[in-house]
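First the structure, in the form of structure tokens, and then the observations on it.
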Amino acid sequence: MAYQLQEINRRIRTDVEEFLAECDQSYAERVSLAADRILSNLEQSPVVLLSGPSGSGKTTTALKIAEELQRRGVNTHAIATDNYFRSINLKTAPRTPEGGIDYESPLCLDMELLDQHFTALSSGGEIVIPKFEFSRQMRNDTRGTPLHLGKNEIAIFEGIHALNDDIAGRHPEATKLYISARSNINEGAALRFKGTWMRLTRRAVRDYNFRGTDVETTLDMWVNVRRGEKLYISPYKGRADIVFDSSLPYEVSVMKNYALPILKAVPEENARTAELLELIDAFQYFEEIDPALVPKNSLLREFIGGGSYSYH
């Protein structure tokens with residue numbers, strides 16, 4: 001699917017708030033369909049697996065699905081599989097072709113513990129969700145969160161490897177979702193903004209604002225992120241019961257306010273200068289939208305901040 005640049009700019013000029021509301025409503029309808037599917041499978045499994053590449057909005061989508069299910073009277077818990085990372089051991093950690101630690105590899109996850117926890121939840125047992133401390137690169141099992149699912153309760157596990165053979169493959173009964181910002185933006189037949197650029201922009205803005213990571217570092221990591229997607233994430237999207245698009249037609253016009261200043265600050269000698277300049281140039285085609293107009297519960301707030309959801 002592709003959006004049309006002319007229509008985006010026309011809607012911004014004519015009634016921007018109505019445009020934002022329509023886009024967010026369209027996303028809410030996709031969330032509602034996912035909730036329908038989850039409920040239809042509840043007798044088979046209370047476990048939901050939500051996967052997708054970096055920058056897809058998995059966390060907000062999991063929270064939105066949980067919110068929708070709560071509205072329907074189903075108590076729901078959204079859990080990040082990042083908490084199941086193994087403590088980093090420099091001697092045994094998986095490596096990239098360049099020799100760095102491959103944080104995108106599924107070998108970084110404790111698949112055996114996830115398997116045990118899914119089995120326990122499905123059979124009425126209690127688990128303790130661990131807590132991964134990213135600042136220390138260590139998993140803390142002593143500060144975990146107990147979880148037991150009662151009748152008509154659901155657990156949504158979200159993360160990049162949720163549909164991997166060693167997770168979803170062992171639990172085919174679980175409801176499986178795949179999410180990604182997939183839509184390009186065209187001007188007629190001409191490509192103006194790639195769907196992958198949306199995810200890169202989201203990641204760069206979020207990393208810069210909330211993780212203390214400069215854009216150069218994000219760009220350097222993006223090479224391995226994309227390699228990891230092709231090796232470890234995309235091959236399993238065919239497992240999903242529902243595949244849906246997390247791109248929002250208005251987001252480039254909002255992100256223009258955040259992304260352009262930090263992208264332009266990257267030194268010209270950066271190894272990815274050519275793509276960087278292409279991305280910077282692409283923003284010129286879009287009318288700007290004041291970020292203050294973005295609803296507090298918009299998926300985009302995961303990346304720009306100021307939202308109504310908690311991500312900690």
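Considering the conditions (1) surrounded by fewer than 20 Cβ atoms within 10 Å (Cβ to Cβ); (2) modelled with pLDDT under 95; (3) out of contact with any Ser or Thr (no Cβ under 9 Å at 6 or more places or on another chain); (4) outside any loop (DSSP other than H, G, I, E, B), Asn224 is excluded by exactly one of them, (3). Taking the range 98-123 as the range and being under 24 Å from the mean Cα position of the chain (by Cα) and acidic (Asp, Glu) as the test, the residues that pass are Asp102, Glu104, Asp110, Glu112, Asp115. With respect to the conditions (1) farther than 30 Å from Ile304 by Cβ; (2) without any contact (Cβ under 8 Å) to a residue 40 or more places away in the chain, Asn41 lacks only one, and its number is (2). Across the range 89-123, the qualifying residues are those that are among the acidic types (Asp, Glu) and closer than 23 Å to His77 by Cβ, and the one among them that is surrounded by the most Cβ atoms within 10 Å (Cβ to Cβ) is Asp110. The set of residues in the range 218-250 being aliphatic (A, V, I, L, M) and more than 18 Å from Asp165 (Cα to Cα) consists of Leu219, Met221, Val223, Val225, Leu248. Taken over the range 250-282, the criterion of being without any contact (Cβ under 8 Å) to a residue 24 or more places away in the chain and acidic (Asp, Glu) is satisfied by Glu268, Glu269, Glu275, Glu278, Asp281.
Under the condition of being exposed (fewer than 14 other Cβ atoms within 10 Å of the Cβ) and at pLDDT 90 or above, which residue from the range 135-150 is nearest to the chain's Cα centre (by Cα)? Checking each candidate, the answer is Thr145.
Does Lys237 satisfy the condition of being without any contact (Cβ under 8 Å) to a residue 40 or more places away in the chain and within 21 Å of the chain's Cα centre (by Cα)? Taking the combined requirement at face value, the residue does not satisfy it.
Scanning the range 118-141 for residues that are under 16 Å from Phe85 (Cβ atoms) and of a type in the set (Val, Ile, Thr) yields Val128, Ile129. Inside the range 184-221, residues that are within 26 Å of Tyr3 (Cα to Cα) and either buried (at least 17 other Cβ atoms within 10 Å of the Cβ) or not hydrophobic (A, V, I, L, M, F, W, C) (or both) make up a count of 21.
Do the conditions hold for Gln44, that is, is it over 16 Å from the mean Cα position of the chain (by Cα), among the polar types (S, T, N, Q) and in a helix (DSSP H, G or I)? Taking the combined requirement at face value, the residue does not satisfy it. In this entry, Thr92 is excluded by the filter for residues that are assigned to a helix (DSSP H, G or I), more than 30 Å from Gln25 (Cα to Cα) and of a type in the set (Val, Ile, Thr). Could you say whether any residue in the range 201-212 is within 23 Å of Thr60 (Cα to Cα), polar (S, T, N, Q) and part of a helix (DSSP H, G or I)? Yes: the range 201-212 contains one or more residues that are within 23 Å of Thr60 (Cα to Cα), polar (S, T, N, Q) and part of a helix (DSSP H, G or I).
Taken as a whole, the structure places Ala66 among residues that are among the hydrophobic types (A, V, I, L, M, F, W, C), closer than 19 Å to Ile38 by Cα, in a helix (DSSP H, G or I) and at pLDDT 90 or above.
Out of curiosity, is Thr60 touching a residue at least 12 places away in the same chain (Cβ under 8 Å), closer than 27 Å to Thr201 by Cα and either part of a strand (DSSP E or B) or of a type outside the set (Phe, Trp, Tyr) (or both)? Taking the combined requirement at face value, the residue satisfies it. Going through the range 56-88 one residue at a time, which ones are of a type in the set (Gly, Ala, Ser) and either closer than 20 Å to Arg143 by Cβ or surrounded by fewer than 17 Cβ atoms within 10 Å (Cβ to Cβ) (or both)? Listed by number, the residues that qualify are Gly73, Ala78, Ala80, Ser87. With the condition kept exactly as written, say whether any residue in the range 76-97 is in contact (Cβ under 8 Å) with a residue 60 or more places away in the chain, touching a His at 6+ places or on another chain (Cβ under 7 Å), at negative phi and not polar (S, T, N, Q). The answer is no, given that none of the residues of the range 76-97 is in contact (Cβ under 8 Å) with a residue 60 or more places away in the chain, touching a His at 6+ places or on another chain (Cβ under 7 Å), at negative phi and not polar (S, T, N, Q).
The values are calculated or read from the model by the stated rules, or taken from the named source; none is laboratory data. This is a predicted model, so every value here is computed, not measured. Methodologically, a virtual Cβ is constructed for each residue, glycine included, from the backbone with ideal geometry; neighbour enumeration extends over all protein chains shown.
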